[in-house]
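Just so you know, all these numbers are worked out from the coordinates, no wet-lab data involved. Because the structure is predicted, anything quoted here is derived from the model rather than measured. All Cβ positions, glycine included, derive from the backbone under ideal geometry; neighbour counts span all protein chains shown.
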Amino acid sequence: MRSRQEIVGQIEATVSGGAGDQVDALYGAPWHTAALVNGVIALLAVLVGGVLLAAHSRRTGTASWIKALALGGAVLGALGMLVAGGMYLDLFAAQPQLPTAPALGGG
């Protein structure tokens, strides 16, 4: 009987405290890490596109496709930063929640 009570206590402790941490470790942390990596790559795209656009916008001999490509890179980078920010702030999908477990009876 005593070992049964110990097992029930361990299960209750696992359900109440540790399971939420497991969900955060399995879903929340990798999701936010991916958002940060995506944000850094998007920021690089904005910077490269902006520098190229600034460097070639005043030159008269620059082909029009270079300006269009630089503008496209900057715009896609800005869009990527918005998506990465939304991912990091959980605007698109909420973190999974554990369903409430039924109470274990002591009888």
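Here are the numbers for this structure:
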item	result
Stretch gain in nm, segment Thr60-Val83, where the contour uses 0.36 nm per residue and the Cα spacing is subtracted	4.8 nm
Förster-model FRET efficiency, 25 Å R0, Gln95 and Leu43, C-beta, rounded to 0.05	0.55
Dimensionless Rg ratio for the range 38-92, taking C-alpha atoms and the 2.2 N^0.38 Å reference	1.32
